Amino acid sequence: MSEVIKIKRGLDIPLLGSVDSQYGKADLPELFAIKPIDFHGLIPKMERKVGEKVKAGTILFHDKNRPEVKFVSPVSGELVAVNRGERRKILEIVVKSDGANEKKNLGKADLSKTSKEEIVEKMLNSGVWPSVRQRPYDIIANPADTPKAFFISGFDSAPLAPDYDFILTGQEKEFQTGIDVLRKLSDDNVHIGISAESASKVYKETNGVTLHSFAGKHPAGNVGIQIHHVQPICKGDVVWVTQPQDVVTIGKLFADGVYDASRVVALSGSMVEKSAYFKTKLGASIAPLVKNNLKQDNVRYISGNVLTGTRIESDGYLGYYHSQVTVIPEGNYHEFMGWALPGFGKYSVSRTFFSWFCKKKKYDLDSNMHGGKRAFVVSGQYEKVLPMDILPEFLFKAIITEDIDKMEQLGIYEIAEEDVALCEFVCTSKINLQNIVREGLDLMIKEVG
Amino acid sequence: MKALRNYLDKIKPNFEEGGKFEKLHSTFEAFETLLFVPDTTTKGGTHVKDVVDLKRTMAVVVMAVMPALLFGMWNVGYQHFLSVGQEMSFWPTFWYGFLRVFPIVIVSYVTGLGIEFGFAQWRGHEVNEGFLVTGMLIPLIVPVDTPLWMIVVAVAFSVVIGKEVFGGTGMNIWNPALLTRAFLFFAYPSKMSGDTVWISGLSKGEGVVDGFSGATPLGQAITGHIDVSLWDSFIGIIPGSIGETSTVAILIGAAILLYTGIANWKIMVSVFVGGYLMAVVFHAIGASYLMHIEPIMQLCLGGFAFGAVFMATDPVSATRTEKGKWIYGFLIGVFAILIRVFNPAYPEGMMLAILLMNTFAPLIDHFVVQGNIKRRLKRAKMVS
């Protein structure tokens with residue numbers, strides 16, 4: 001803990017619209033949804049029918065391939081809709097809250113008398129298991145595995161990200177209980193990555209964890225980057241990861257015997273009138289947060305951050321792993337000779353635009369592509385924003401050519417989509433690198449397992 | 001601008017599938033995106049993007065070449081009037097050069113872009129911007145008296161065989177501009193070497209003042225003497241290919257490329273270092289006149305500086321690993337001087353050195369990648 005791990009490569013995109021450290025007031029929405037598309041490789045199998053009454057903690061569906069992995073309702077009320085997309089793929093399972101917030105009694109547990117198997121069983125049946133993900137592949141952890149270690153990134157370095165110090169204040173007890181559960185799962189091998197630049201009071205007061213201090217730009221807060229610098233994943237290793245707010249949810253499950261889907265969400269982005277943190281629940285509709293709180297109409301709503309988040313509608317739902325909603329301007333406009341203009345107000349990592357005049361400035365970036373897709377031309381861009389001992393371009397090319405051996409050798413096990421998001425941001429050729437990595441991971445799951 | 005946009009939107013359906021000019025879809029798209037950055041928004045992946053794109057990147061390179069081009073135009077005029085023994089003021093000199101060089105630029109662009117547009121349409125791709133730079137580099141590395149038809153043939157060869165057969169910009173093995181030069185050199189050696197091709201009008205036998213040979217300094221060096229001073233060759237008032245005589249103009253371009261971050265500084269630096277060290281070694285040996293040339297002079301002569309700044313740094317044909325770039329650049333420098341000294345029949349050592357290293361770039365990368373793999377494996381053993 002004493003030494004600070006310096007992340008030398010990376011990029012903090014100077015975006016306008018960071019979140020103010022204050023709680024905003026907004027009503028809880030009526031509709032909540034669990035989105036199976038938030039989980040890679042999941043095929044949902046419904047256990048409840050539309051119209052059935054549910055409580056917070058009632059199982060809604062399970063994974064067809066792994067029936068033990070179950071998903072529960074975040075609130076009490078009625079299952080009102082199963083929204084489907086192309087080829088009847090289930091996109092959203094919508095629950096209408098009755099406002100009572102009745103919680104299913106799942107039973108408290110004394111950790112000292114509970115075995116690892118019983119803990120896993122309890123987490124599976126209460127629906128908190130999907131919050132535990134594994135590396136490699138960045139998918140829901142396999143309950144049958146024994147992880148080499150448990151990693152939690154204690155801070156988020158993504159653009160406009162929420163401050164976990166602020167969110168966790170007041171939830172220290174539940175956090176500790178949650179950590180104790182994770183210690184049991186991983187033979188007492190829990191690591192938390194903390195930011196060298198913030199106080200991290202909650203983490204420093206937590207017992208039984210190994211802290212690692214990181215300094216540097218994004219993606220220093222990505223758990224994959226932290227694992228790479230502490231205990232790199234090799235072939236055959238499995239590391240489990242989760243997020244700070246999920247630790248609290250796990251803690252509440254064992255301490256109070258209920259599934260409490262409470263979640264603090266940061267509303268950020270340049271198009272938000274009043275940014276703040278909101279106390280809401282997992283899967284909540286964002287409608288009450290953004291209603292009458294925007295600077296203009298032509299905007300994009302993102303559950304998550306601008307690099308890795310999911311695009312949603314103005315009444316869309318918060319993603320399962322997201323603690324942030326970002327609203328940015330939509331970039332659906334033509335720009336006359338945009339590539340030739342001096343470009344004073346435009347943000348680029350390269351100094352090909354004259355914006356390097358004003359170094360300190362923050363930018364109001366929109367969703368325009370700023371160009372068309374091309375083959376790999378410029379080299380050396382990705383390395384500058386990927387702080388890993390990995391040759392990104394060669395890994396991407398190995399994935400594109402489906403060369404499993406090369407992918408393995410070049411580090412596919414260590415990488416997740418979010419780690420290459422910055423590469424995608426800076427890419428001159430506008431290549432969708434996160435997609436490429438996902439395809440690579442899916443291929444590895446299929447071929448190697 | 002609104003009216004133009006509306007007009008484009010009006011005629012656009014004609015170029016889309018089922019439209020009258022469906023066959024010109026790529027061409028239309030190329031011009032449309034040239035006029036207007038498209039309104040496409042991000043889908044999946046990151047929601048915001050860096051504003052830089054390939055058009056911008058290539059436009060900056062073209063800008064960086066401008067000092068060399070403008071100086072080249074003036075120098076063409078200057079050398080011509082020197083050869084006929086006339087004193088001319090600045091503008092007529094420049095104008096003469098402009099009239100000689102501009103047709104080459106036009107021919108290079110029209111031939112290359114025409115082929116690129118055709119291939120883009122055939123493949124159903126967007127037109128790639130790569131040729132914007134290639135088309136500008138080609139006129140700068142040919143002798144001014146190269147017949148235009150030869151340029152057409154050479155450009156067609158390099159775009160089709162050098163680039164499109166591999167899949168277009170980003171897939172090519174060799175630098176297309178240098179391939180053009182190499183094609184000219186080997187296909188029409190009599191027109192590409194000797195003493196007369198470097199000065200406009202000389203090969204047609206226009207009047208020459210006594211004592212004016214028209215040979216490039218490297219051409220002279222073979223015969224055992226160099227007439228020009230280091231200063232002349234640094235400024236660039238010497239005979240040579242159109243844009244590669246002036247080291248100072250090239251360095252201005254280098255500054256633009258390095259400052260904007262488009263060209264890789266590692267390659268540029270290591271080419272100069274490699275060339276300088278090789279020249280120092282030869283200077284110490286001093287067995288022939290070519291060896292004896294001052295190391296700094298070696299870097300200012302011929303296409304060395306131009307190649308180092310604009311050719312070796314082409315990211316597609318160079319090595320793509322950071323470590324590989326040091327090796328790649330260094331070897332280009334070494335080979336350029338080596339070829340120059342030991343094989344005076346090919347005075348353009350730089351061209352051959354870069355093409356040779358283009359060929360070996362994937363091999364260098366392979367070793368760097370293997371090194372990475374080995375390091376990662378070792379780490380795995382250490383941990384477990």
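The values are calculated or read from the model by the stated rules, or taken from the named source; none is laboratory data. Keep in mind that this is a model prediction, so the values were computed, not measured. Quick reminder, even Gly has a Cβ in these numbers, built from the backbone with ideal geometry, and neighbours come from all protein chains shown.
Points to keep in mind about this one:
- Some residue of the range A:110-118 being surrounded by 12 or more Cβ atoms within 10 Å (Cβ to Cβ) and at pLDDT 90 or above: yes
- The set of residues from the range B:228-243 being hydroxyl-bearing (S, T, Y) and over 18 Å from the mean Cα position of the chain (by Cα) comprises B:S229, B:S233.
- Checking the range B:38-59 against the condition returns no match, with no residue being among the β-branched types (V, I, T), more than 14 Å from every other protein chain (Cβ to nearest Cβ) and either within 16 Å of B:I199 (Cβ to Cβ) or buried (at least 17 other Cβ atoms within 10 Å of the Cβ) (or both).
- Within the range B:327-346, one or more residues are touching a residue at least 24 places away in the same chain (Cβ under 8 Å), within 19 Å of A:Y382 (Cβ to Cβ) and not assigned by TED's automatic domain parsing to the domain that holds B:L179.
- The range A:396-427 - residue that is of a type in the set (V, I, T) and without any contact (Cβ under 8 Å) to a residue 40 or more places away in the chain and, of those, nearest to the other protein chains (Cβ to nearest Cβ): A:V420
- Look at (1) outside the structural domain of A:K122 (by TED's automatic domain parsing); (2) surrounded by 20 or more Cβ atoms within 10 Å (Cβ to Cβ) and you find that A:W240 fails only one, number (1).
- Residues satisfying the stated conditions in the range A:1-23, i.e. touching a Leu at 6+ places or on another chain (Cβ under 7 Å), under 19 Å from A:T326 (Cα atoms) and away from every other protein chain (no Cβ under 13 Å): A:S18, A:V19
- Any pair with Cβ under 7 angstrom, 6 or more apart, that starts in the range B:107-123 at a residue that is in contact (Cβ under 8 Å) with a residue 12 or more places away in the chain and ends at one that is basic (K, R) and part of a helix (DSSP H, G or I): B:Q121/B:K23
- Within the range A:321-356, if we keep just the residues that are under 30 Å from A:S285 (Cβ atoms) and among the small types (G, A, S), the residue that is farthest from the other protein chains (Cβ to nearest Cβ) turns out to be A:S323.
- Residues (part of a strand (DSSP E or B) and of a type outside the set (V, I, T)) located in the range A:246-272: A:S262, A:R263, A:A266, A:L267, A:S268
- Filtered by the rule that a residue be more than 14 Å from chain B (Cβ to nearest Cβ) and among the aliphatic types (A, V, I, L, M), the range A:285-320 gives A:I286, A:A287, A:L289, A:V290, A:L294, A:L318.
- Hits in the range B:60-85 - residues which are over 21 Å from B:W198 (Cα atoms) and surrounded by 19 or more Cβ atoms within 10 Å (Cβ to Cβ): B:V60, B:V61, B:A64
- Inspection of the range B:86-97 finds a residue satisfying the criterion of being surrounded by 24 or more Cβ atoms within 10 Å (Cβ to Cβ) and under 17 Å from B:S246 (Cβ atoms).
- Within the range A:200-245, considering residues that are of a type in the set (A, V, I, L, M) and part of a strand (DSSP E or B), the one nearest to B:R376 (Cα to Cα): A:V239
- For the condition at positive phi, without any contact (Cβ under 8 Å) to a residue 60 or more places away in the chain and either in the same structural domain as B:M171 (by TED's automatic domain parsing) or not hydroxyl-bearing (S, T, Y) (or both), B:G302 does not qualify.
- Residues that are touching a Phe, Trp or Tyr at 6+ places or on another chain (Cβ under 6 Å) and either surrounded by 23 or more Cβ atoms within 10 Å (Cβ to Cβ) or farther than 21 Å from B:G303 by Cβ (or both) within the range B:144-157 comprise just one, B:A154.
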